[in-house]
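Report on the structure given below.
The values are calculated or read from the model by the stated rules, or taken from the named source; none is laboratory data. In this text the structure is predicted, and so the values were computed from the model without any measurement. Because the Cβ atoms are built from the backbone with ideal geometry, glycine has one as well, and the counts that use them run over all protein chains shown. All accessible areas refer to the heavy atoms of the entire protein, side chains included, with ligands and DNA or RNA removed. Shrake-Rupley method; radii C 1.70, N 1.55, O 1.52, S 1.80 Å.
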Amino acid sequence: VSVVLDREWSRAAATVVRPLKVAVLGFGTVGASVARILSERPELADRIELTHIFNRTIHRKRVDWMPPSVTWTEDIDAVFAANPDVIVETVGGVRPAGEWVRRALERGISVVTANKMLIATEGQALLHVSAASGAQLRFEAAVCGGVPLLHAVRDGLAGDTLTGFTGILNGTSNYILSRMGASGDSMADALDAARALGYAEVDPSADIDGDDAAAKLVVLAGVAFGRVVPLEAVRRQSIRAIRSADFRYANRIGHTIRQVAALERSGEDGDRFRGFVGPALVPEESAFGRNDGANNLVVLRGSYGGSTAFSGAGAGGPATAVAVVSDVLGLAGGRTVSTRTWSQGRLVPAAPTPYYLRFVVQDEPGILARIASALAREGINIDAVLQEPGYARDALVFVVTVEKCEEVALTTAIRAIADDSCHRAEPLALPMPMGV
Ligand SMILES: NC(=O)c1ccc[n+]([C@@H]2O[C@H](COP(=O)([O-])OP(=O)(O)OC[C@H]3O[C@@H](n4cnc5c(N)ncnc54)[C@H](OP(=O)(O)O)[C@@H]3O)[C@@H](O)[C@H]2O)c1
């Protein structure tokens with residue numbers, strides 16, 4: 001099997017020389033799984049040679065299954081001095097990992113990374129560095145872990161003009177919401193269960209508040225559209241406010257709740273997108289409604305090919321490491337990936353959509369009339385009012401669904417509604433995206 005020694009291999013005619021020398025930065029969940037695959041699959045040895053493991057306080061990290069030929073180090077300069085062919089970055093975070101990635105690319109060392117936050121914030125600049133030096137930057141593991149989504153979008157759907165995607169990109173939130181839906185658990189109990197299974201971290205904020213899915217949305221937008229939408233501008237809503245009652249009400253209208261990440265090209269110019277990340281009502285019988293546990297699901301829409309779905313394990317050391325190792329094997333095979341550099345995109349307000357509105361109130365006459373008139377003032381039509389029996393009068397939970405309306409009008413109406421002293425919790429508004 002061939003590997004080209006010359007750093008110019010991306011352009012060169014291949015000559016068989018030796019396996020790619022690979023240094024892994026960060027021996028944590030993903031990095032250790034990458035090393036494990038490489039050490040357990042001797043048939044890869046003619047293409048990939050693991051030479052270095054880099055981590056801080058490295059003595060804590062040593063494992064007995066690592067081949068003795070591998071150098072353990074906590075000195076990043078020693079890694080660069082050894083002149084690896086590929087650096088696998090599984091440290092995470094934007095700093096200092098981003099500096100190491102940039103340094104590698106500038107020196108013509110190709111990089112494989114699982115770091116969605118880095119690619120979402122600095123991918124555009126790093127792709128320019130990569131284009132200038134000829135070193136490659138691959139990040140299949142950054143979106144949907146073990147699902148080869150980016151390869152499929154880049155290669156398999158290259159013949160289509162993509163118009164948008166809707167995805168469940170965060171396994172932790174999906175686990176929590178699908179568990180609440182199936183068992184009637186509270187958010188706190190479902191989060192505890194997610195932690196016990198290793199699906200949620202001690203601080204789950206990035207997952208449940210939508211930051212993780214927003215970063216993945218930005219990376220997927222780059223690959224699908226060649227445009228980088230600003231991460232900070234991606235509108236996100238936390239799943240924290242969801243109660244078990246919301247699942248009961250959603251079920252009554254044939255829906256359930258999932259954290260959804262959606263992006264849609266807006267207009268013909270190609271640089272404008274509508275997008276959001278947050279809990280949404282999805283039909284129970286849709287692929288999204290049936291997506292349970294920590295599974296990821298992405299449906300891409302194209303002008304020619306219609307909808308194409310991808311699904312599988314979105315996280316976890318071994319699944320994510322498969323994507324990383326596959327990227328390294330792609331480099332070892334000398335396959336160049338036609339990663340375009342990304343130009344700037346921008347986000348515009350969401351398209352009008354129907355909404356689910358949930359209220360918790362101290363019951364008294366006239367509440368519904370006041371809500372109806374606040375909605376009417378913004379030109380919003382009520383579709384249905386739902387109220388389960390059996391709630392205490394001081395914490396009555398009921399739901400109003402409204403017809404398709406502009407988000408800005410809804411926000412104004414909700415603000416006026418929330419001023420009413422009868423409310424015992426912040427009113428909750430969840431979109432009911434169409435076409436899901
Ligand atoms: N875990 C997943 O399922 C998953 C899925 C897809 C993508 N990813 C991405 O993969 C990357 C790694 O995630 P992970 O879950 O493997 O994280 P992790 O378990 O925390 O591993 C990170 C490793 O890097 C080391 N490290 C952190 N900062 C360092 C520094 N400044 N200098 C030297 N070593 C440093 C850590 O050492 P210490 O032990 O000392 O902290 C740890 O061993 C992240 O970008 C993440 O977003 C993860």
So in segment 88-112, with the set limited to residues that are within 13 Å of the ligand (Cβ to nearest atom) and touching a residue at least 60 places away in the same chain (Cβ under 8 Å), which one is most open to solvent (accessible area, probe 1.4 Å)? VAL91
Selected residue (only one of LEU220, LEU263 is touching a residue at least 60 places away in the same chain (Cβ under 8 Å) and assigned to a helix (DSSP H, G or I)): LEU220
Within segment 371-436, which strands (runs of 3 or more DSSP E) (wholly inside it) include 2 or more residues that are open to solvent by 40 Å² or more (accessible area, probe 1.4 Å)? 382-387, 396-405
Within segment 349-370, residues out of contact with any Cys (no Cβ under 9 Å at 6 or more places or on another chain), surrounded by 13 or more Cβ atoms within 10 Å (Cβ to Cβ) and within 27 Å of ALA233 (Cα to Cα) come out as ALA350, ALA351, TYR356, LEU357, ARG358
Please tell me if PRO230 is closer than 25 Å to VAL397 by Cβ, touching a residue at least 12 places away in the same chain (Cβ under 8 Å) and in contact with a Gly (Cβ under 9 Å, 6 or more places away or on another chain). no
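Yes or no: TYR304 touching a residue at least 60 places away in the same chain (Cβ under 8 Å) and in a loop (DSSP other than H, G, I, E, B)?
It is true that TYR304 is touching a residue at least 60 places away in the same chain (Cβ under 8 Å) and in a loop (DSSP other than H, G, I, E, B).
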Filtered residue count, segment 130-172, keeping only those that are open to solvent by less than 20 Å² (accessible area, probe 1.4 Å) and assigned to a strand (DSSP E or B): 8
Index of the failed condition, ALA332 passing every other in (1) under 18 Å from the mean Cα position of the chain (by Cα); (2) among the aliphatic types (A, V, I, L, M); (3) away from the ligand (no atom under 16 Å from the Cβ): (1)
Look at ILE53 and say whether it is near the ligand (Cβ under 10 Å from one of its atoms), surrounded by fewer than 18 Cβ atoms within 10 Å (Cβ to Cβ) and of a type in the set (Val, Ile, Thr). no
Among the residues in segment 242-256, are any touching an Asp or Glu at 6+ places or on another chain (Cβ under 6 Å), open to solvent by 20 Å² or more (accessible area, probe 1.4 Å) and free of Cβ contacts under 8 Å to residues at least 40 places away in the same chain? yes
Any idea which of (1) buried (at least 22 other Cβ atoms within 10 Å of the Cβ); (2) within 20 Å of VAL328 (Cβ to Cβ) is the one ALA120 doesn't satisfy? (2)
Across segment 257-275, the tally of residues that are open to solvent by 40 Å² or more (accessible area, probe 1.4 Å) and in contact with an Asp or Glu (Cβ under 8 Å, 6 or more places away or on another chain) stands at 1
The conditions are (1) more than 16 Å from VAL328 (Cβ to Cβ); (2) more than 13 Å from the ligand (Cβ to nearest atom); (3) not basic (Lys, Arg), and HIS59 fails exactly one of them. Which is it? (2)
